[in-house]
Amino acid sequence: MEQEFYSKNVQTDTFLAQIGNHQNPVTGSINTPIYFSTTYEHPTLGESTGYDYTRTKNPTREVVENALAVLENGAIGLATSSGMSAIQLVFSQFPVGSQIVASRDLYGGSYRYFKELEKQNIYQFIYVDDEVGFEKEITDNTAAVFIETPTNPLMREVSIEKIVVFAKKHNAKVIVDNTFYTPLIQRPLDLGADIVIHSATKYLGGHNDLLAGAVIAKSKEVGEQLGYTLNTTGAVLSPFDCWLLIRGMKTLSLRMERHEKNAQAVATFLTSDPNVKEVFYPGRGGMLSFKIKNEGSIKEFLRHLSIFTFAESLGGVESLITYPTTQTHADIPKELRESYGLTPDLLRISTGIEASEDLIGDLKFAFESLN
């Protein structure tokens, strides 16, 4: 139903607002019902309604998974219990001993998981900084390429199209974490990637009340294999959380427009403030980072913020500010993270949907408190 509706060439904004609508001919329910049932009646021996057990297939999860596939222009979408379970699902597809080439500046939780895989001698990871690094390190020994673009937290971008060319020469799969940009800004599958991952906790959910992950495969074959593994291992998204994700995605377009507008305004302000050493913003999306001139003043700076909340995570309607050194990236060794620019003077901002004037005023007041 989702695929048929989208094929009418409606705009993405319309599709998002209509997720789950026209799905319930018996009741006419506009809001997708939450199907809590774990098991389903079989009409008779050897027959099924298409739903047998909720881990395998659930009507509420089916709606959100179809919507994810449409948004990323993939063949199959899967909803998982968290962003990390989405990453785990994807990496479970490669044989032991595989070599993975990955972005060096990446989410600390991803790095922690990758190091655990290396510790158990399951995979070997090679980390690179840019397109030149990817081209150099991708060889016939490479099973997959894992890209964050922009990276977390230094907001570095790479060309997915160029890296796809490098990878395909060596038959390596290309995996892109698209959490920061969402399919409204960037569609990696259209650029040649094989698999897209999201921490749906972030922008897709958008309200800081949901833990979820998403995996979208470009090909039906890869998607079906991932679906088989997900059913086997069981880290599916619960029906209620699927409903929360549907609700969040309905306003994704509106929210991303405001997130980006606010991020651009905040980045412009930070660039001109004398307390700021450097600003990292790629010009798109709602995420940015900056380095403060006086590293020792960070605690006092955070204490004087009243609208920004000092917390981990991102992508919600409320603006958050994060200190990667002790929060999201604490598991990356100090020497390593500082070697590529993640230094103790860096703060990361997730701009919410508040008035940009208030966000700038909040930052300005906190900076002035330091003088």
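What is the gain in length, in nm to one decimal, between H304 and T14 on full extension, counting 0.36 nm per residue of separation less the C-alpha to C-alpha distance?
100.3 nm
Which parts of segment 95-109 would a label at T233 reach, counting a residue when its backbone N lies under 13 Å from a point 7 Å out along Cα-to-Cβ?
The answer is 95-96.
By per-residue mean of other Cβ atoms within 10 Å, what is the highest-first order of 309-315, 44-50?
Descending mean neighbour count gives 309-315, 44-50.
Work out from phi, with θ = phi - 60° and the Karplus expression 6.51 cos²θ - 1.76 cosθ + 1.60, the ³J(HN,Hα) of each residue of segment 298-315, listed in order in whole Hz, and give x for Gly and Pro.
These are the phi-based 3J(HN,Hα) values: 4, 4, 5, 4, 5, 5, 8, 7, 10, 9, 5, 9, 7, 7, 7, 6, 5, x Hz.
Please give the contour-minus-distance gain from E257 to E224: 0.36 nm per residue of separation, less the Cα-Cα distance, rounded to one decimal in nm.
Here the answer is 8.5 nm.
Which entries in K277/K299; K57/K202; K57/K115; K202/K261; K162/K250; K136/K173 show an alpha-carbon gap greater than 21 Å?
Among K277/K299; K57/K202; K57/K115; K202/K261; K162/K250; K136/K173, the Cα-Cα distance tops 21 Å for K57/K202; K57/K115; K162/K250.
Could you tell me how many degrees, from 0 to 90 and to the nearest 10, lie between the Cα long axis of helix 239-249 and the main elongation axis, the longest principal axis, of the Cα atoms of the chain?
So the inclination is approximately 60 degrees.
Quick one: compute a quarter of the convex hull surface over the Cα atoms of segment 140-260 and quote it in nm².
Mean projected area of the Cα convex hull: 8.4 nm².
Just the projected area, averaged over all directions, of the convex hull on the alpha carbon atoms of segment 253-368: how many nm²?
With every direction weighted equally, the projected area is 6.7 nm².
Quick one: length gained pulling A311 to S37 fully straight, 0.36 nm per residue minus the C-alpha distance?
Numbers: separation 274, 0.36 × 274 = 98.64 nm, distance 3.52 nm.
Working it through step by step, the gained length comes to 95.1 nm.
Given Cα positions, please report Rg to Rh for the chain, the hydrodynamic radius being the Kirkwood one.
Expressed as Rg/Rh, it is 0.99.
Rounding to the nearest 10 and keeping the result within 0 to 90°, find how far the Cα-based axis of helix 220-233 lies from the longest principal axis of the chain.
90
Take peptides 223-235, 74-86 and line them up by average Cβ neighbours within 10 Å, highest first, as a rough protection proxy.
In decreasing order of mean packing, 223-235, 74-86 become 74-86, 223-235.
What is the magnitude of the charge dipole of the chain about its Cα centre, with +1 placed on the Cβ of each Lys and Arg, -1 on the Cβ of each Asp and Glu, and no other charges, expressed in debye to the nearest 20?
With Lys and Arg at +1 and Asp and Glu at -1, about 120 debye.
Bear in mind that the values in this text are calculations on the coordinates, not laboratory data. Bear in mind the structure is a predicted one, so any value in this text is a computation, not a measurement. Positions of Cβ are backbone-derived with ideal geometry, glycine not excepted, and every protein chain shown enters the neighbour counts.
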